[in-house]
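Here the structure comes first, spelled out in structure tokens, and everything after it is commentary.
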Amino acid sequence: MGYLSGKVALVTGASAGIGEKTARALIDAGARVVCSARRVGRLESLTAELGERAIALELDVVNAQSVDTLMDRLPGGWRDLDILVNNAGHDIGGRRQFHEGTAEEWSATIETNVIGLMRVTRVVLDGMVRRDSGHIVNIGSVAGIQAYTACAAYAASKHAVHGLSETLRIDYAKTGIKVSEVLPGMVRTEFAAIRFGDEDRGDQYYADFGVCLEPEDIARSVLFALDQPPDVVIAQVVVVPTRKPPAS
Ligand code: NAP
């Protein structure tokens, strides 16, 4: 079995993209994985494929009741979470100038990417603190450390994830709890289609960008952060695409 054998992980946003590939990578490394998101049908297909070390959990990170009942809804033997991958997120209504957006859209982005992440972390940390052991990996973004045009609410949310990750890492540095942040550049997932509410426009967005990461690349970085000696914490992994050298 892999180096995560015996560990239990919770992945938020496991129904698509980076979360789904991270759940698969965790299974390959030997962990048991709680695959969570709102689209349960997708999670059930995924866990059926992954086998008995994976279970599906309906979880809406913006819904306080959904998050607060998370532990009670897990089967016995699955509640001592060793790993939390805070991945759920979106940018619905994004890639527009600030004056074209609405407070409702900004709120939904901040509620999901920041408050949702904090809610889940709060619930999971109780057990980690009690056991003095655990690893939280937050999926931030390069938008959390550098500015680019037409992404005000999303950049604000990911700057918050960055600040939160740094603070938590320091807060728990003298305990058995590690906090890491993985900050991807452009990754080809459903993210753009959901942002624009239009699949074709999402595909075009990635095509126009040219070279993109694949969600497996981010899953590999999450696993790198987890695969360290006890006295080493990977604070941040910034992952950006690069062009393949032309064939000679
Ligand atoms: P994706 O393919 O659209 O997947 C997003 C996931 O988030 C889905 O599984 C979705 O599941 C879940 N989600 C959204 N709202 C949720 C909620 N309220 N409660 C629970 N789950 C929710 O996008 P992705 O590219 O994999 O994005 C994953 C993370 O990577 C996000 O935090 C994103 O900001 C970050 N990121 C992405 C890129 C990129 O270029 N793609 C770059 C940097 C960072 P349900 O809809 O089933 O709930």
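Taking all protein chains together and a probe of 1.4 Å, list TYR3, TYR205 from the most accessible to the least accessible. Display every interim value, and only then the final one.
Values: TYR3 100, TYR205 50 Å².
My answer, sorted largest first, is TYR3, TYR205.
Work through the residues other than VAL11 whose Cβ is under 12 Å from its Cβ and net out their charges, Lys, Arg +1 and Asp, Glu -1.
Details: positive: LYS21, ARG24, ARG32; negative: GLU20.
In short, +2.
On the principal axes of its Cα set, how long, how wide and how thick is the range 148-248? Give whole Å, largest value first.
Result, largest extent first: 48, 41, 20 Å.
Expressed as a whole percentage, what fraction of the accessible surface of the chain belongs to carbon and sulfur atoms when a 1.4 Å probe is rolled over the protein heavy atoms? Let's see the in-between values first.
Details: 6240 of 12010 Å².
About 52 percent, which is the carbon plus sulfur part of the accessible surface.
Sort PHE191, PHE209 by heavy-atom solvent-accessible area, probe 1.4 angstrom, most to least.
Working: PHE191 60, PHE209 105 Å².
Reading off the accessible areas and sorting them downward yields PHE209, PHE191.
For the chain, what is the mean residue ellipticity at 222 nm derived from helices alone (per DSSP H run of n ≥ 4: -39500 (n - 2.57); sum divided by total residues; nearest 500 deg cm²/dmol)?
Details: 10 runs with 104 residues, N = 248.
Helix-only estimate at 222 nm: -12500 deg cm²/dmol.
Over all distinct Cα pairs, what is the inverse of the mean 1/r for the chain, reported as the Kirkwood hydrodynamic radius in Å? Walk me through the intermediate numbers first.
Working: mean 1/r = 0.0546 Å⁻¹.
Final number for the Kirkwood radius of the chain is 18.3 Å.
Suppose we keep just the alpha-carbon trace of the range 81-218; what are its Rg and Dmax in angstrom?
Computed over the Cα atoms of the range 81-218, radius of gyration and Dmax are 16.0, 48 Å.
Please state the relative contact order of the chain as a whole percent: Cα pairs under 8 Å, 6+ residues apart?
Working: 468 pairs, mean separation 46.1, N = 248.
Reported relative contact order: 19 percent.
Hey, how much of the P(r) for the range 199-248 falls beyond 17 Å, as a percent of Cα pairs?
Numbers: 683 of 1225 pairs.
Tail of the P(r) past 17 Å holds 56 percent of the pairs.
Would you mind computing Rg(Cα) / (2.2 N^0.38 Å) for the range 1-106, counting N as its residues? Please report the intermediate quantities before stating the final value.
Working: Rg = 15.4 Å, N = 106, 2.2 N^0.38 = 12.9 Å.
So the Cα radius of gyration is 1.19 times the expected 2.2 N^0.38 Å.
Any idea what Rg and Dmax come out to for the range 140-185 if you just take the C-alpha atoms, in Å?
Answer for the range 140-185, Rg first and Dmax second: 12.0, 40 Å.
Counting only heavy atoms of the protein chains, get the accessible area per residue of the chain (1.4 Å probe) and round it to a whole Å² value. Walk me through the numbers before you get to the answer.
On the way: 12010 Å² over 248 residues.
That works out to 48 Å² per residue.
Using packing as a proxy for protection, rank 10-17, 95-102, 177-184 so that the peptide with the highest average count of other Cβ atoms within 10 Å comes first. Intermediate results must be reported in sequence, preceding the final value.
Working: 10-17: 27.1, 95-102: 11.8, 177-184: 24.2.
Highest mean packing first, the order is 10-17, 177-184, 95-102.
What FRET efficiency do you get for GLU52 and ALA156 if R0 is 51 Å and r is their Cβ-Cβ distance, rounded to the nearest 0.05?
The computed FRET efficiency comes out at 0.80.
Over the Cα atoms of the range 99-161, what radius of gyration and what Dmax do you get, in Å?
14.3, 47
For ILE136, which sequence-distant residues (separation of 5 or more, or a different chain) have an amide H within less than 5 Å of its own amide H, given hydrogens modelled in the peptide plane?
Sorted by chain and number, the residues that satisfy this are LEU84, LYS178, VAL179, SER180.
Find how much the distance from ASP72 to PHE209 grows on full extension, using 0.36 nm per residue of separation minus their present alpha carbon separation; answer in nm with one decimal.
That pair, ASP72 and PHE209, stretches by 45.0 nm at full extension.
Take the Cα coordinates of the range 39-155, assign each an equal point scatterer, and use the Debye formula without solvent to give log10 I(q)/I(0) at q = 0.18, 0.21 Å⁻¹.
The calculated log intensity ratios at q = 0.18, 0.21 Å⁻¹ are -1.03, -1.21.
Based on the mean of other Cβ atoms within 10 Å per residue, sort peptides 156-166, 104-114 so the most packed one is first.
Details: 156-166: 20.2, 104-114: 18.1.
Going from most to least packed, we get 156-166, 104-114.
Taking the full set of protein chains and a 1.4 angstrom probe, give the accessible area of PHE224 in square angstrom, rounded to the nearest 10.
Spelled out: PHE224, probe radius 1.4 Å, area about 110 Å².
Given a Förster distance of 35 Å, report the FRET efficiency between HIS99 and ARG42 from their Cβ-Cβ distance, rounded to the nearest 0.05. Present the calculation step by step, with values, prior to reporting the outcome.
Details: r = 36 Å, r/R0 = 1.02.
Approximately 0.45, to the nearest 0.05.
Taking the mean number of other Cβ atoms within 10 Å as a proxy for protection, how do you rank 75-82, 139-146 from highest to lowest?
Numbers: 75-82: 13.9, 139-146: 21.9.
Answer by packing, highest mean first, reads 139-146, 75-82.
Mind checking which of LEU164, ALA192, CYS151 is farthest towards the positive end of the range 143-194's charge dipole, using Cβ charges of +1 (Lys, Arg) and -1 (Asp, Glu) about the Cα centre?
LEU164
Once the Cα gyration tensor of the range 156-213 is diagonalised, what are the square roots of 5 times its eigenvalues, in whole Å and ordered largest first, as equivalent ellipsoid semi-axes?
Details: eigenvalues 222, 26, 15 Å².
They are 33, 11, 9 Å, listed from largest to smallest.
The values are calculated or read from the model by the stated rules, or taken from the named source; none is laboratory data. None of these values were measured; they are calculated from a predicted model. Cβ atoms come from the backbone with ideal geometry, glycine included; neighbour counts cover every protein chain shown. Please note that ligands, DNA and RNA were not included when accessible areas were found on the heavy atoms of the full protein model with its side chains. Shrake-Rupley method; radii C 1.70, N 1.55, O 1.52, S 1.80 Å.
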